[in-house]
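Comments concern the structure below.
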């Protein structure tokens, strides 16, 4: 069912796709908007001044000038571009490297597909940045990356410069493969304890690997100082997998760990502390509300769903209020999509935390903006509407948490990448043109028939 | 006499079946004439204007002299070229159809045990095209008909797909036909679809990086050990690393089999990181989307001409109508755009079914804007230069291998006819299928027929395709499947020739028969081995 829907939408979008990404050459002034800043008070009837890719001023009655293009938003709502901290779109090929247990050598950057139409769909839902990564088949998987939804640009140009690389981990059923059961798929580990033991073992291997290189460098120095008397030692074999683990151990990679249950989260937090690993976030973390003190203590966030409870056994012990409860206790919470369809209405999901969990509207907006920005290490540039930040904005016809709200316009780096009015207009024109062409194709045929008669 | 002949053929088939056949009767006409002179011919050249009324002298497989007003050697057989145009024999830059890899049956036991071999993973740098090439005269004829006299052959399955060889389509004996062996290593981005590392595209990329490193590391260690065996631990031997070493060090070229523009970017990244000597094979016809990157990397591109949109493309994601439109209007422009940007381009037959559809695709590219001189270069000098054969192939010049096409009309325009093909100085005359005198066919034999040889008692199947008087088909026999073209149907009589290989021998067979409804009765002649009678029945369905 879902697939058909996606296909028909793909058909409808044919023309709209080509019309996106027009840039503001001059400075741009967005006037008369209800601004949800996500950093302080909301501004009713406020203005945003954009120069190049940046927001330069936010306030009321900002002066327009000759060289400033003005867009009157006439009371529409503007929020910071939505940031999806858990996504798998724009990944070409299989989203999981199932062939091995530890795959820290794989890198999503090598397989970004900038032509994935889901990037455009993301824009239609106000999403401007995503953290895209591979699946959860491996206790320690490969590298993930933050992308800006610069639709039409190359993979390299979509990469969010400055965003730290991430390392995708997974605990629980997926790596112990209850969810990947089948013949020929027997793979260690088969238990939750096995998953953790495998991670610990890999850390030790990487430490030993680092030691071998250090020894080599020492011996090399001795050889170089001996003026040819001592032959140069053989270097150890370069192992990209262990180098990936080493990058985790030295904090270069930010760990994003797929986990549902509280015990395994507690356990892995202790392990990460022991080895000095930068564990920033539990993906899903549905039982995070049970261990909020520990999450706060270790400074680990959760990137979770607004709903999707009890869809598998390790997700049973949670509830609609989980995200709100965790946030209330001081845990950094992001609402993510994990799905290209859900990605287009993340604002509805944030609204659920208000409706069912009693979260404040301001907090709910943060779960889509500044909170994921912090988790992804990009909060210096995006996540709020403030002077100095990237002009990544989403404009809605109603309050974004209103169930009937529609995203009207999405802007990345001060450029409009999605404009619903323009898109609908283009679509209409396209349909008319198609009808005209069909009519033209019919006419000569009829004439010919007439002549024959 | 007749009886003796029959006995002979029984013996012959018995020998064929036992794999002991010898073919003393395989004398071909081309062995007898080794000196040719083509007179008054127009020579088309990949660069520069055409030479009018020129003479081409071929001796012992090489061009001896080429020019205007040359004397004809007294020992030469003369071909009047006054109505013909001469082209250098065309080169298929990379193909698969001459390759007959053993069919791999997937062993389900592996699926349960999870114990896969490198072959299952698509890691086969040891696989040599030379060992599996299948050269037959009937296949050559198909190539000649569209002007091809040389081809590079490479396994294309998996990740490290195997090593290519380049053949002159001059002799069914691969040892004689070979131009260069183990030339290029194929690198593909196809996951093996079994749950074994690397099973994903990102895994394949990571694997390739590691394996290039490892092979260089192995070579370094090995050479250190061979230099001084004292005090150094020798590295364990690994045939993959050994086979990869020359490619990983940039000594020999790799061919990246790229399914779309993103594969091309990946290939360029790998090539830059490991300083590879490389050629891009553009299976997705999207190289024109990465022209700046290709120029920067000084890349050489093998264009395919199937013009199918990759699944990753926006056109494909937008539905069937958009995809088909792009396949008609956008993708055929790819070679023209690359050539215009000054990127060296050659053509590859990968993605097309046979030489006929390959040439059709090339003509589509010409129609879509590729100048015909650039198309000719992409079929001659460019592929020769890509793979180090520019001193031997690609132009009609003294000293080069005598691969030559004589055609009526322009072969890079539709409806030209190749009249003669010379492959390494061997002349092949392409008879026109319909030109044979005959009556209008009164039968249509299209479909499968079961043949029974009367004396040998041997059975096989032929699947015929009849288009008016033209007959082609495929024999399926215990020795394998063999194609033929050029058969003729006249009234209710059919005749066709084919070459089969059995027991390590090439055997020419000449069939003639009279068709009556769903049965036919006729004779098959096998050179000096004699003849046999046969009957055949149409297999219903």
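No lab work stands behind these numbers, since they all come straight from the coordinates. Just so we're clear, the structure is a prediction, and the values are computed from it rather than from any experiment. Cβ: placed from backbone, ideal geometry, glycine included. Neighbour counts: every protein chain shown.
When Cβ neighbours within 10 Å are restricted to other protein chains, what is their mean count per residue of peptide B:256-266?
Shielding by partners across B:256-266 averages 3.
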Region A:82-380, relative contact order [Cα under 8 Å, separation at least 6], %: 19 percent
Distance from region A:98-155 to region A:57-86 (C-alpha centre basis), Å: 29 Å
Whether region B:329-420 is rounded, prolate or oblate, judged on the alpha carbon gyration tensor where a/c under 1.5 counts as rounded: oblate
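Nearest 5 is fine: what % of DSSP beta bridges in the protein assembly as shown come out antiparallel, could you say?
So the antiparallel bridges in the protein assembly as shown amount to around 70 percent.
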Computed [θ] at 222 nm, helices only, for chain A once each DSSP H run of length n ≥ 4 contributes -39500 (n - 2.57): -10500 deg cm²/dmol
Over region B:212-260: Rg over Rh, Cα atoms, Kirkwood Rh: 1.12
Shape of region A:121-228, Cα gyration tensor, a/c cut at 1.5: oblate
Nearest 10 degrees, 0 to 90: helix A:192-225 Cα axis against chain A principal axis: 70 degrees
Using alpha-carbon coordinates, inclination of helix B:355-367 to the longest axis of chain B, degrees: 60 degrees
Scattering profile of region A:225-372 at q = 0.17, 0.20 Å⁻¹ [log10 I(q)/I(0), Debye over alpha-carbon scatterers]: -0.94, -1.18
For chain A, share of DSSP beta bridges that run antiparallel, in % to the nearest 5: 55 percent
Whole-Å distance, taken between Cα centres, linking region A:237-252 and region B:173-251: 23 Å
Inter-label distance for residue B:442 and residue B:296, nm, one decimal - labels placed 7 Å from Cα along Cα-to-Cβ: 7.2 nm
Principal-axis tilt of helix A:346-357 within chain A, Cα atoms, nearest 10 degrees: 70 degrees
Inter-chain Cβ neighbour average for residues A:323-332, partner chain, 10 Å: 0
Calculated SAXS-style log₁₀ I(q)/I(0) at q = 0.04, 0.07, 0.10 Å⁻¹ - the protein assembly as shown, Debye, Cα scatterers: -0.27, -0.78, -1.23
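Using a Förster radius of 25 Å, what is the FRET efficiency between residue B:514 and residue B:134 based on their Cβ-Cβ separation? Nearest 0.05, please.
Rounded to the nearest 0.05, the efficiency is 0.20.
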4 °C / 1.567 mPa s Stokes-Einstein diffusion coefficient of region A:82-380, Kirkwood radius on C-alpha pairs, µm²/s: 65 µm²/s
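May I ask for the equivalent-ellipsoid semi-axes of chain B, computed as the square root of five times each C-alpha gyration tensor eigenvalue and listed largest first in whole Å?
Sorted largest first and rounded, they come to 40, 31, 25 Å.
Quick check on region B:152-251: take the gyration tensor over C-alpha atoms, sort the square-rooted eigenvalues as a ≥ b ≥ c, and tell me if it's rounded (a/c under 1.5), prolate or oblate.
oblate
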For peptides A:91-100, A:126-135, sequence by mean Cβ density within 10 Å, most packed first: A:126-135, A:91-100
